[in-house]
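Reading through the structure tokens given below for one structure.
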């Protein structure tokens with residue numbers, strides 16, 4: 001490769017130099033070409049087929065496991081008294097948490113005017129939706145009798161009963177249901193202008209009609225853009241408290257109970273920080289190979305990866321702080337059961353899971369303090385996978401260690417998952433990756449309209465203008481009040 | 001390209017004029033000129049949001065936030081009513097002697113329904129105010145207009161505008177852009 005490294009490197013932190021968000025020799029047209037080109041290839045590349053074959057096979061494993069569960073009963077899982085909550089809730093919390101990074105990037109970073117989000121927000125929002133799909137499966141199947149799944153919803157039924165609205169489990173239904181809906185709306189709305197780009201470049205009738213219908217006849221009118229921008233801002237402002245509420249409500253499932261190790265007020269912020277942490281790790285895990293294989297390195301740049309590493313460092317420290325606060329409170333409260341639970345976590349039968357969690361979630365992110373290490377793509381990628389592992393174990397530790405040893409030593413037990421438990425979980429990754437691969441093949445994975453708006457060409461090119469994207473008194477004939 | 005001497009029957013079929021720009025600066029200057037000439041039924045078309053263009057065009061602030069606010073209130077009321085009716089009236093749930101209806105326990109669900117209603121109204125309201133979906137439009141018949149979702153900027157003035165005059169409007173557009181002014185025909 002003849003391109004010198006510095007050409008693509010925009011990770012400098014000299015405050016006098018505004019880092020470019022799109023590197024290389026790109027203009028509006030080349031961005032359109034790069035992003036639409038992926039969708040327009042007549043056939044997906046070979047590596048796509050390989051990945052798709054693997055992920056769709058795993059999806060079949062998931063469906064087979066669910067079929068076995070439904071026809072046989074939840075005895076196929078490793079659930080036993082006292083551990084009546086196992087993989088299903090661990091996987092549910094894990095997948096919902098993954099989704100949070102997408103909303104953070106699309107909504108919270110938008111409100112904070114972090115313009116680097118534009119290259120990765122579409123991608124991260126897609127990941128959110130697919131993660132929530134995977135999460136939604138587990139509560140739906142967890143009692144084995146999926147034909148009763150409608151009991152989750154307040155629907156008039158033959159028993160003339162309503163669900164109990166004082167239960168956090170029902171709050172969860174509303175929180176996750178709203179989250180899935182709002183994420184989908186936000187994702188789709190942001191995509192309308194980009195779908196119109198594909199429509200306008202379409203060379204086949206089929207593509208023209210499909211993307212034409214999906215883009216709803218978008219004609220890039222500025223009067224439309226005005227309302228579009230407002231709707232975007234409103235959705236971002238609504239999604240921000242929503243995403244914070246979702247994992248808070250998920251944590252209520254635990255915190256509202258009287259189980260030692262669960263009954264703590266620290267849970268909502270602790271869960272939200274962990275969710276964002278794990279979500280960013282998943283974004284990084286997916287985006288590093290994707291940008292490489294599809295040649296998006298000039299749009300999803302080294303700086304984007306570095307910024308995400310910094311967020312993982314920050315949220316990883318928050319999670320670490322939460323772990324130590326739990327121990328402090330267990331001791332400071334003077335509550336014997338609470339103190340025992342935490343000593344049991346660190347040194348009991350599940351110590352291996354606990355220390356895996358601490359290593360992956362607290363120690364591994366510390367390497368991001370070093371610029372050299374966080375800017376090495378392969379190191380960042382491996383670290384992100386380890387963080388995903390650690391975050392899954394966090395939920396495992398919380399659920400299983402508390403349940404397996406509570407107040408009465410005579411009712412203690414040791415939880416072991418069965419092969420079906422493990423295969424169902426692995427299969428859910430298959431579903432996640434399958435949806436993801438379909439997304440990168442058929443939909444614009446970078447928000448082109450938003451990326452173009454943060455390129456230098458989108459701003460007035462005249463001396464003295466500081467390039468902040470506003471035109472106050474900068475241009476003759478345009479009066480800006 | 002026809003010039004100013006169009007007949008009446010031609011004018012009935014005219015949707016308006018379209019002119020292209022290559023640069024953001026040119027578009028902003030042109031938009032301000034069209035605004036100052038007093039036109040009302042005209043538009044700028046851009047591949048992405050250009051800040052400052054709303055002012056340059058004189059676009060009024062949308063009513064969308066009020067719609068979303070009302071929808072949010074409706075959602076909150078719906079969430080509270082649902083919980084009150086189902087758990088306190090239709091099938092009273094007595095749990096640990098707690099009151100049948102107490103607001104604190106009902107906040108999380110009411111919060112979620114507020115967000116849900118507001119978010120749906122933001123998307124649906126935006127589309128409705130924009131008159132979308134509208135799959136067919138006279139502008140789509142123009143070939144160069146296809147680049148509006150790529151890298152080109154356009155201004156269109158509709159023949160329906162009260163100030164529209166075949167010759168004068170064309171002159172105005174020619175004075176602000178160095179690119180040819182194109183006629184767009186109404187859909188037949």
Work the Kirkwood hydrodynamic radius out for the protein assembly as shown: mean of 1/r over every pair of different alpha-carbon atoms, inverted, in Å.
27.5 Å
I'd like the distance between the alpha-carbon centres of region A:197-276 and region A:308-330, rounded to an integer number of Å.
25 Å
What is the Cα centroid distance between region A:336-381 and region A:146-181, reported in whole angstrom?
36 Å
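Just checking the output field for A:163-169: average partner chain Cβ neighbours within 10 Å of each residue's Cβ?
6
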Hey, what angle do you get for helix A:205-214 against the long axis of chain A, alpha-carbon based, 0 to 90 degrees rounded to 10?
70 degrees
Listing A:178, A:203 by rising number of other beta-carbon atoms within 10 angstrom, fewest first, gives A:203, A:178
Calculate the mean, over all residues of peptide B:39-46, of how many other protein chain Cβ atoms lie within 10 angstrom of the residue's Cβ.
4
I'd like the orientation of helix B:64-84 relative to chain B: the angle between its Cα long axis and the longest Cα principal axis, in ° from 0 to 90, rounded to 10.
20 degrees
Compare the peptides A:207-219, A:384-396 by average per-residue count of other Cβ atoms within 10 angstrom and give them in order, highest first.
A:384-396, A:207-219
With runs of 4+ DSSP H residues as the only contributors, calculate the mean residue ellipticity of chain B at 222 nm using -39,500 (n - 2.57) per run, divided by the residue total and rounded to the nearest 500.
-14000 deg cm²/dmol
Averaged over A:172-185, number of beta-carbon atoms from partner chains that fall within 10 Å
4
Give me B:28, B:18, A:363, B:172 ranked fewest to most by other Cβ atoms within 10 Å of their Cβ, as a rough exposure proxy.
A:363, B:172, B:18, B:28
Return the whole-Å distance between the Cα centroid of region A:16-30 and the Cα centroid of region B:116-142.
32 Å
Enter the angle in degrees (range 0 to 90, nearest 10) between the Cα long axis of helix B:166-176 and the first principal axis of the Cα atoms of chain B, meaning the one along which they spread out most.
80 degrees
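What is the fewest-to-most order of B:46, B:114 by other Cβ atoms lying within 10 Å of their Cβ?
B:114, B:46
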Let me see the pair-distance distribution of region B:64-130: every alpha carbon pair, 10 Å bin width, integer percents in order.
22, 39, 22, 12, 3, 0
Could you identify which residue out of B:157, B:95, B:50 has the top mean-square fluctuation in a GNM of chain B using Cα springs shorter than 10 Å?
B:95
Specify whether the C-alpha gyration tensor of region A:340-436 places it in the rounded, prolate or oblate class, a ≥ b ≥ c being the square roots of the eigenvalues: rounded for a/c under 1.5, otherwise prolate if a/b is larger than b/c and oblate if not.
oblate
Please build a GNM for chain B, connecting alpha carbons under 10 Å apart, and tell me which residue among B:174, B:26, B:112 fluctuates the most.
B:112
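Looking at the P(r) of region B:32-188, how many percent of alpha-carbon pairs lie beyond 21 Å?
In whole percent, the share of Cα-Cα pairs in region B:32-188 beyond 21 Å is 64.
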Efficiency of FRET between residue A:371 and residue B:102 - r from beta-carbon atoms, R0 56 angstrom, step 0.05:
0.55
Tell me, what is the percent relative contact order of region A:18-458, built from C-alpha pairs under 8 Å that lie six or more residues apart?
33 percent
Computed, not fitted: 222 nm per-residue ellipticity of chain A from DSSP H runs ≥ 4 (each -39500 (n - 2.57)), nearest 500, equal to -20500 deg cm²/dmol
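Values in this text are rule-based calculations from the coordinates and carry no lab data. Because the structure is a prediction, the values reported are computed rather than measured. Don't worry about glycine lacking a Cβ; one is built from the backbone with ideal geometry, like all the others, and counts go over all protein chains shown.
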